[in-house]
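Below is one structure; the comments refer to it alone.
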Amino acid sequence: MAKLFLIEPEDRMLPMLPAFWLGGMAMFFQVLSQGATLVYPASPDLEVLVETIKTLRVNRLNGWGDGLARLRKLAPERGIDIDGIVGLGFFRDEKGGLIPPQFQSGMLGMSETFAPHSAEPLNYRMPEDKPFSCGRPVNGYERRVVDPETGTEVPVGEIGELQLRGGALMSGMYKRLREEVFTPDGFYPTGDLVRIDADDCLYFIARRNDMIKTRAANVSRLEVEAAMNELPEVELAVVTGLDDAEFGQIVAAAVVPAEGASPTEDSLRAALRETLSSYKVPKRIVFIDAGDIQRTATGKLKLHELGKLIEGRS
């Protein structure tokens, strides 16, 4: 794998984390348009990333998921000022002021759209009444939100499945008929649950298969994961739903403890009740090693295997 593209200017170096082929191509074209330098770390190992950032004086990072969260924790310990790195620390507005995370553009996209379909400039601070918004449509995309069961558009501000149509959208899927992938009028059902407000700002809720139905409530496993990964005694938490005769599903979590920490199920639940509603707090928590977590070749969690792992440790 090539390590470096477009040598100048040095003050615009961008590492990829992780270097998936499609994300890598999208980032390459951004770098090409700006005359920047694109850096691919030799490996996704956190220590390698930290040394790459320090050695090459990287000032912008493209990353996501739990790997980015762990890098944010490690970087300051290695003497890196994360506020000076766009994408690792807080974004800054046009006047140089720090933009709190909840007012940064969430920038939502997917492989099928070959880049974001909803975003705002990196130096744009979202209005006070729009925390955690992904922003307005970009790249000419049309968006609509529908009831995932009926395909009927939902009222403005209500949650439904996002459908997209636009020139940069993929033309189809391998060995599948077009009518199996797109709606009759050419929209692509993304599988993302979102809401779009009256100002055309989109808010990501969860993937349809990331929602856990427990009794009459819907719980986003990503929201629970985020809350657990903020706890100091947690190195990494992954969450899924387990079938349950009484509840339909229950929220369950597998936790890799932070080095030197000895959390218990009760201590984690007590801490989570400070930030989560009680029905979102996992009813089952098991402690595992990081190597026990199975992922696909593109880094996505194998949720079925995760469920079996938790059930096997209970």
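The values are calculated or read from the model by the stated rules, or taken from the named source; none is laboratory data. Being a predicted model, the structure only gives us computed values, none of them experimental. We place every Cβ from the backbone using ideal geometry, glycine too, and count neighbours over all the protein chains shown. The protein model used for the area step is the full one, side chains on, heavy atoms only, and it has no ligands, DNA or RNA in it. Shrake-Rupley method; radii C 1.70, N 1.55, O 1.52, S 1.80 Å.
Quick one: in the stretch 272-286, which of the residues that are crowded, with 17+ Cβ neighbours inside 10 Å and under 23 Å from the mean Cα position of the chain (by Cα) is nearest to residue 241 (Cα to Cα)? Looking at the filtered set, the residue picked out is 282. Quick one: how many residues across the stretch 98-107 are in a helix (DSSP H, G or I) and either among the basic types (Lys, Arg) or within 15 Å of residue 202 (Cα to Cα) (or both)? Adding up the residues that qualify gives 2.
Criterion first (open to solvent by 40 Å² or more (accessible area, probe 1.4 Å) and small (Gly, Ala, Ser)) does residue 133 satisfy it? Here the answer is no, as residue 133 does not meet what is asked.
Residue-level analysis places residue 222 outside the set of residues that are open to solvent by less than 50 Å² (accessible area, probe 1.4 Å) and either among the hydrophobic types (A, V, I, L, M, F, W, C) or farther than 18 Å from residue 307 by Cβ (or both). Looking across 202, 268, 193, one residue alone is modelled with pLDDT of 95 or more, within 20 Å of the chain's Cα centre (by Cα) and not polar (S, T, N, Q). It is 202. The set of residues from the stretch 203-217 being surrounded by fewer than 17 Cβ atoms within 10 Å (Cβ to Cβ) and either farther than 22 Å from residue 145 by Cβ or free of Cβ contacts under 8 Å to residues at least 12 places away in the same chain (or both) comprises 215, 216. Scanning the stretch 175-202 for residues that are touching a Lys or Arg at 6+ places or on another chain (Cβ under 7 Å), closer than 15 Å to residue 110 by Cβ and open to solvent by 20 Å² or more (accessible area, probe 1.4 Å) yields a count of 1.
Counting only strands (runs of 3 or more DSSP E) that fall entirely inside the stretch 108-155 and contain at least 1 residues that are closer than 28 Å to residue 25 by Cβ and more than 21 Å from the chain's Cα centre (by Cα), the qualifying elements are 142-146.
Taking the criterion of being of a type in the set (D, E, K, R) and either open to solvent by less than 40 Å² (accessible area, probe 1.4 Å) or assigned to a loop (DSSP other than H, G, I, E, B) (or both), the residues of the stretch 156-174 that qualify are 158, 161.
Number of residues in the stretch 11-50 that are surrounded by fewer than 12 Cβ atoms within 10 Å (Cβ to Cβ) and modelled with pLDDT under 65 equals 2. Pairing residues of the stretch 175-187 that are assigned to a loop (DSSP other than H, G, I, E, B) with residues that are aromatic (Phe, Trp, Tyr), at Cβ distances under 8 Å and at least 6 apart in sequence or on separate chains, gives 182/188.
Is there a residue in the stretch 75-95 that is open to solvent by 50 Å² or more (accessible area, probe 1.4 Å), assigned to a helix (DSSP H, G or I) and under 23 Å from residue 237 (Cα atoms)? So far as the stretch 75-95 goes, yes, one or more of its residues are open to solvent by 50 Å² or more (accessible area, probe 1.4 Å), assigned to a helix (DSSP H, G or I) and under 23 Å from residue 237 (Cα atoms).
So, residue 70, is that one farther than 28 Å from residue 301 by Cβ and open to solvent by 50 Å² or more (accessible area, probe 1.4 Å) or not?
Numbers: farther than 28 Å from residue 301 by Cβ: no; open to solvent by 50 Å² or more (accessible area, probe 1.4 Å): yes.
No, not satisfied.
Taken together, the residues in the stretch 118-152 that are farther than 18 Å from residue 92 by Cβ and of a type in the set (A, V, I, L, M, F, W, C) amount to 5.
Inspect the stretch 296-307 for any residue being modelled with pLDDT of 95 or more, surrounded by 15 or more Cβ atoms within 10 Å (Cβ to Cβ) and out of contact with any Cys (no Cβ under 9 Å at 6 or more places or on another chain) and give the result as yes or no. Show your work before the answer.
The first filter runs over the stretch 296-307 and keeps only residues modelled with pLDDT of 95 or more, leaving none.
No, that holds for no residue.
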